[in-house]
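Below you'll find the structure, written out as structure tokens, and then a few comments.
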Amino acid sequence: MVLRFLLLPITGPLMGVTWLGEKILEQASTEIDDKENLSKQLLALQLAFDMGEIPEEEFEIQEEALLLAILEAEQEKTGLGE
């Protein structure tokens, strides 16, 4: 316990940097997962349309919403989304 307290000035910043790195990695993984999920939804929508499961009007509405969500995710990733 005493040794841990004495080494705190050295280990404290290291633990802080480690924590920060983990948070950055977590955020990046979430953004990648979101974009992948949107792309999968778009592919599933295209498949449903090609198989005649949904009408063209519904396809266009959903496609536009998904494409806008993908664009927004890309803009947030590059820091352009305001």
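The values are calculated or read from the model by the stated rules, or taken from the named source; none is laboratory data. Predicted model only: the values in this text are computed from it and were never measured. A quick note on method: Cβ atoms are made from the backbone with ideal geometry, for glycine too, and the neighbour counts reach across all protein chains shown. When the accessible area is computed, the model is the full protein with side chains, heavy atoms only, and any ligands, DNA or RNA have been set aside. Shrake-Rupley method; radii C 1.70, N 1.55, O 1.52, S 1.80 Å.
Heavy-atom accessible area for residue 54, with the other protein chains in place and a 1.4 Å probe, reaches approximately 40 Å². Toward the positive end of the charge dipole of the chain, about the Cα centre and with charges on Cβ (Lys, Arg +1; Asp, Glu -1), which of 79, 52, 7 goes farthest? Value computed over the given set: 7. Given +1 at the Cβ of Lys and Arg, -1 at the Cβ of Asp and Glu and no other charges, the dipole of the chain around its Cα centre is 1120 debye to the nearest 20. Could you give the angle, 0 to 90 degrees to the nearest 10, between helix 8-50's Cα long axis and the longest principal axis of the Cα atoms of the chain? Around 10 degrees separate the two axes.
The distance between label points at residue 74 and residue 43 comes to 1.7 nm (points 7 Å beyond Cα on the Cα→Cβ vector). For region 21-82, taking the reciprocal of the average inverse distance between every pair of different Cα atoms yields a Kirkwood hydrodynamic radius of 12.9 Å.
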